[in-house]
Amino acid sequence: MRSESATPSVMAILNVSADSFSGDGGAGIERARAFVAQGADIVDVGGESTRPGATPVDPVEEQRLVVPVVAAVAGMGVAVSIDTRNAGTMEAALDAGASIVNDVSGLTHDPAAARLVARRGCRVVIMHSRGTPETMAGLADYTDVVAEVKAELAARVAAAERAGVQRDRIVVDPGIGFAKNAEQNLVLLRGLAEFRSLGLPILVGVSRKSFIGRYGGEADPARRGPGSIAAAIFALERGATWLRVHDVAETVQAIRIWQTLSGSPIQ
C-alpha cells in the first residue's frame, strides 16, 4: 500500500455476497487478481451486503464466503481488508491474511469487535452510520449533517481508543449513503474538509451509490462509473486519502491525471 503522504490509496470493492450488485460471487478471486493488476492498493472483501434495506447474513455463512477469498488475495501482494460487522468474521479473516478491518457500524454492532481490533493491532476503518441496513433510511434526520456526523464519528473513535485501539491505526469514513439522503450526501462531501480536524486518514466511498444515479441521471449502478469518479476526485480535493471503488483501473487513471495537473504526480 502506498504511503498516504504520496498518493491516495485505492480500495477495491470485492463483494462475494449473493445480495451484492457487484456480482462477484464465486469469481471473487479472479476479480481480485484483476483489481491488483489494475493498481488497487487494498482489496476489501465482504460477504454481507450492507446497503440500505439489505438483510443480515449469518456470521458462519459470512465466514464461509469470505475466508477462502481473503486467503487467496493475501497471497497476491496487496493489502486485504475485511468488510464486516462481526468480530468472529474479523478474526477469521485476520487469521487468513487480512490486515485491515472495515466496519460499517463503527465497531458498534458487535460488542467484541473493538477489543478484538485492539488485541490484533490491525488498521480499522470506523464508518459513520445510524441503525442497521434495515432501519438506516429512516434515521437520516440532521440539523447540520457535517457537524453531527463529525461529532458522532469522533465519539466512536474515542470509544475505540478506550477499548485499546491505537489512534494511529484508525481511518474514518463519513459513511456516504448510510443514514443520509441524496441531498445530505452532497452537503457532506462539500464539507469533507471539516473532517481533517479529526487528524485521521479519511476514507470515502461514493462508488455507484444512489445519489450518483439521481444527480447523474443513471438508474443502472453499473453505468455510474463516470459520476463516481467525478465525486471521488472532488473528495480527494477536500481531504480524502482512501477511496473505496468498484472501477479500479478508471479511478487509478483519474488520480494520476488529477495529481499530474495539480503538480504532484505519482512517483
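Rounded to the nearest whole Hz, the Karplus-based 3J(HN,Hα) values (6.51 cos²θ - 1.76 cosθ + 1.60, θ = phi - 60°) of the stretch 220-233 follow the sequence 7, x, 5, 9, 9, x, x, x, 4, 5, 4, 5, 5, 5, with x at glycine and proline. Extents of the chain, taken as max minus min of Cα coordinates on every principal axis and listed largest first, are 43, 42, 36 Å.
Residue by residue, the stretch 141-146 carries 3J(HN,Hα) couplings of 10, 9, 8, 9, 4, 5 Hz when phi is fed to the Karplus relation 6.51 cos²θ - 1.76 cosθ + 1.60 (θ = phi - 60°); x denotes Gly or Pro.
Determine the relative contact order of the chain: mean sequence separation of Cα pairs under 8 Å and six or more apart, normalised by residue count, in whole percent. Let's see the in-between values first.
Numbers: 527 pairs, mean separation 48.3, N = 267.
About 18 percent, as a whole number.
The calculated Kirkwood hydrodynamic radius for the stretch 39-172 is 15.2 Å, given to one decimal from all distinct C-alpha pairs.
At R0 = 35 Å, how high is the FRET efficiency between A222 and A159 if r is their beta carbon distance? Nearest 0.05 is fine. The computed FRET efficiency comes out at 0.40.
Across the stretch 48-64, computed HN-Hα scalar couplings (Karplus, 6.51 cos²θ - 1.76 cosθ + 1.60, θ = phi - 60°) run 9, 5, 10, 5, x, x, 5, 8, x, 10, 4, x, 5, 5, 4, 5, 4 Hz from first to last residue, x flagging Gly and Pro.
The distance from the alpha carbon centre of the stretch 130-173 to that of the stretch 220-264 is 24 Å, rounded to a whole number.
Estimated from helices alone, the mean residue ellipticity of the chain at 222 nm is -12500 deg cm²/dmol (sum of -39500 (n - 2.57) over DSSP H runs with n ≥ 4, per residue). For a paramagnetic label modelled at 7 Å from the Cα of L198 toward its Cβ, which residues of the stretch 143-169 fall within the zone defined by backbone nitrogen distances under 14 Å? Only 146-161, 167-169 pass the distance filter. Note on the stretch 54-108: the alpha carbon radius of gyration divided by the globular reference 2.2 N^0.38 Å gives 1.07.
Length gained on full extension, L139 to S210, computed as 0.36 nm times the residue gap minus the Cα-Cα distance: 23.9 nm.
No lab work stands behind these numbers, since they all come straight from the coordinates. Because the structure is a prediction, the values reported are computed rather than measured. Cβ sites come from the backbone with ideal geometry, for glycine too, and all protein chains shown count toward neighbours.
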